[in-house]
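The values are calculated or read from the model by the stated rules, or taken from the named source; none is laboratory data. Since the model is a prediction, treat every value here as computed from it, not as a measurement. Glycine also receives a Cβ, built like all others from the backbone with ideal geometry; neighbour counts cover every protein chain displayed.
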Protein chains: 2
Amino acid sequence: MLYQNTGSSPALQKSQLEDPLAHLPCGRISEYRRNEIIYNSEEPRHTLFLVVDGRVKVSRGTPEGQQVVIDIYQADEFFGEGAFLPGHSYSETAMALEPVKVMAWEISEIEDIVTRRPKLGIALLQLLVQRSMDFGSRIESFSTDTIPRRLARSLIRLSDRLGEQAEDGSTRMLPLTHEFLAQYVGTSREIITHHMNQFRRQGYLRYSRKGILLEKSAWGEWLKQNSAAA
Amino acid sequence: MLYQNTGSSPALQKSQLEDPLAHLPCGRISEYRRNEIIYNSEEPRHTLFLVVDGRVKVSRGTPEGQQVVIDIYQADEFFGEGAFLPGHSYSETAMALEPVKVMAWEISEIEDIVTRRPKLGIALLQLLVQRSMDFGSRIESFSTDTIPRRLARSLIRLSDRLGEQAEDGSTRMLPLTHEFLAQYVGTSREIITHHMNQFRRQGYLRYSRKGILLEKSAWGEWLKQNSAAA
């Protein structure tokens, strides 16, 4: 119940979805160094990207220079879908979080393939619906959750999406900085540090050399105890 | 510059987009009374809806009973796209804000038509990208804006989407309650009332018998003066 709105798709559900990759020919491959910009809003863009290897951060910049993380994408995930809108002007930036390999297709090429293989259209539709339902869940969290609860739900979502099981049963997350978490949760780095320290003291997470370890089994209880109504 | 992130598509951009309605046969028509529920999360749903007449509010409920408004949809706009995901479980509710006429298609039917008319796939893709970029803008606003700025951007977005030009050059919005604005902006009704009164005293909006009148020309300046950095 509590997890249903984090937007991660259970394995069962995933298996019923069409796979866009089954319908796409290989695209043009490019490589990027850590922290290199893949695209930003300075030039109009007509390309859809797929992560082949590594991780990519997509963020929005405000006119005042603040950054808001939209999401992180990893192998087999698409990004840059804004290019489907002719004349779009969203100030989005995609940056390599580590050495990254991506595949790229022109939107006109994708549209041609959809015409010949309509299942690709269905697959991309499902993917975009998933993404927009997921954004809906974040809007819900922003609207109703306290900052520690927003942080907790973000940690759970990010570890569901990008984490891996550690030997001791906990979940190892990407080595995400407090700065990153602040840009994802929508608060200051100082506030993130404060709550991460509290979570650590209370045993909900540990820091290791390789990243943050999350005690997943404990978080369901935390969310119940710290519900918006409590 | 300031308006580019509100998510409303300028007429020029709109004209370059594919129109899903050009590729769809008529669906089954139903009518709903004011405040009647069109769907909620209690039963699995396999239907995509189009508003034919009237306005529909789509919202999410939290386990604690709070409501978050996702958006309002009006004539020629689709809603219920979550049904594209097999086994989805988002707790979404669609309610008629006034007497409403909607058209409905089974998702399987839409998928069949996409197979025969792939342009429908492209059209729906563009629509979903637009929607998810728009959600991205709301996430950006939640992350970086103060409450009055979030309210200001919401009023501008909602009047761009759902308003009409009044005789004196101002924009007449739907008669939205403060309760609705609170569920859209993510704050309490009391705080909305406080800021709406301030906006009214400062001449940015007026209340009339038919709804809220927005002095659109003044808001660009307000946003500049009340930027996140200020």
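If you go through the stretch B:104-119, how many residues are surrounded by 15 or more Cβ atoms within 10 Å (Cβ to Cβ) and either assigned to a strand (DSSP E or B) or small (Gly, Ala, Ser) (or both)?
Count: 2.
If A:GLY65 passes every condition in (1) at the interface with chain B (Cβ under 8 Å from one of its Cβ atoms); (2) within 30 Å of A:ILE191 (Cβ to Cβ); (3) within 17 Å of the chain's Cα centre (by Cα); (4) without any contact (Cβ under 8 Å) to a residue 24 or more places away in the chain but one, which one does it miss?
Result: A:GLY65 fails condition (3) only.
Do the conditions hold for A:ILE191, that is, is it surrounded by fewer than 22 Cβ atoms within 10 Å (Cβ to Cβ) and either part of a helix (DSSP H, G or I) or not assigned by TED's automatic domain parsing to the domain that holds A:ALA218 (or both)?
yes
Looking at the stretch A:38-58 only, could you name the residues that are acidic (Asp, Glu) and in contact (Cβ under 8 Å) with a residue 40 or more places away in the chain?
Correct list: A:ASP53 only.
Scan the stretch B:41-62 for residues that are within 18 Å of A:ILE139 (Cβ to Cβ) and more than 10 Å from chain A (Cβ to nearest Cβ) and jot them down.
Within the stretch B:41-62, B:VAL56, B:LYS57 meet the criteria.
Could you grab me the full set of residues in the stretch B:218-230 that are more than 22 Å from the chain's Cα centre (by Cα), of a type in the set (Gly, Ala, Ser) and either assigned to a helix (DSSP H, G or I) or away from chain A (no Cβ under 14 Å) (or both)?
The one that is more than 22 Å from the chain's Cα centre (by Cα), of a type in the set (Gly, Ala, Ser) and either assigned to a helix (DSSP H, G or I) or away from chain A (no Cβ under 14 Å) (or both): B:ALA218.
Considering only the stretch B:36-63, how many residues are in contact with a Leu (Cβ under 8 Å, 6 or more places away or on another chain) and over 15 Å from B:TRP105 (Cα atoms)?
Residues that pass the stated criteria total 5.
Filter the stretch A:114-144 down to the residues that are among the charged types (D, E, K, R) and more than 7 Å from every other protein chain (Cβ to nearest Cβ) and list them by number.
The answer is A:ARG116, A:ARG117, A:LYS119, A:ASP134.
Filter the stretch A:81-103 down to the residues that are of a type in the set (Gly, Ala, Ser) and either surrounded by fewer than 17 Cβ atoms within 10 Å (Cβ to Cβ) or in a loop (DSSP other than H, G, I, E, B) (or both), then identify the one that is farthest from the other protein chains (Cβ to nearest Cβ).
Filtering the stretch A:81-103 for residues that are of a type in the set (Gly, Ala, Ser) and either surrounded by fewer than 17 Cβ atoms within 10 Å (Cβ to Cβ) or in a loop (DSSP other than H, G, I, E, B) (or both), the one farthest from the other protein chains (Cβ to nearest Cβ) comes out as A:SER91.
Which residue, of B:GLN183, B:GLN225, is surrounded by fewer than 17 Cβ atoms within 10 Å (Cβ to Cβ), within 27 Å of A:GLN66 (Cα to Cα) and of a type in the set (S, T, N, Q)?
That would be B:GLN225, the only listed residue that is surrounded by fewer than 17 Cβ atoms within 10 Å (Cβ to Cβ), within 27 Å of A:GLN66 (Cα to Cα) and of a type in the set (S, T, N, Q).
Go through the stretch A:200-221 and report how many residues are within 20 Å of A:THR146 (Cβ to Cβ) and either outside the structural domain of A:LEU181 (by TED's automatic domain parsing) or crowded, with 18+ Cβ neighbours inside 10 Å (or both).
Residues meeting the conditions: 4.
Can you tell which of B:PHE84, B:PHE49 is in contact with a strand residue (DSSP E or B) (Cβ under 6 Å, 6 or more places away or on another chain), outside the structural domain of B:LEU162 (by TED's automatic domain parsing), under 19 Å from B:ASP134 (Cβ atoms) and not β-branched (Val, Ile, Thr)?
B:PHE49
State all residues of the stretch B:86-99 that are more than 17 Å from the chain's Cα centre (by Cα) and farther than 13 Å from B:THR47 by Cβ; if no residue qualifies, say none.
B:PRO86, B:GLY87, B:SER89, B:TYR90, B:SER91, B:PRO99
For residues that are among the hydrophobic types (A, V, I, L, M, F, W, C) and touching a residue at least 40 places away in the same chain (Cβ under 8 Å), scanning just the stretch A:153-179, find the one that is farthest from the other protein chains (Cβ to nearest Cβ).
Of everything passing the filter in the stretch A:153-179, A:ALA166 is farthest from the other protein chains (Cβ to nearest Cβ).
Determine which single condition B:ARG150 fails, assuming it passes every other condition in (1) closer than 21 Å to A:THR62 by Cα; (2) at the interface with another protein chain (Cβ under 10 Å from one of its Cβ atoms); (3) surrounded by fewer than 20 Cβ atoms within 10 Å (Cβ to Cβ).
(3)
Report yes if B:GLY80 is under 15 Å from the mean Cα position of the chain (by Cα) and either under 28 Å from B:THR187 (Cα atoms) or modelled with pLDDT under 90 (or both), otherwise no.
When the stated conditions are applied, B:GLY80 passes them.
Evaluate the following for A:LEU124: is it part of a helix (DSSP H, G or I), buried (at least 23 other Cβ atoms within 10 Å of the Cβ) and in the same structural domain as A:THR187 (by TED's automatic domain parsing)?
no
If we scan the stretch A:100-110, do we find a residue that is touching a His at 6+ places or on another chain (Cβ under 6 Å) and closer than 22 Å to B:HIS88 by Cβ?
No: the stretch A:100-110 contains no residue that is touching a His at 6+ places or on another chain (Cβ under 6 Å) and closer than 22 Å to B:HIS88 by Cβ.
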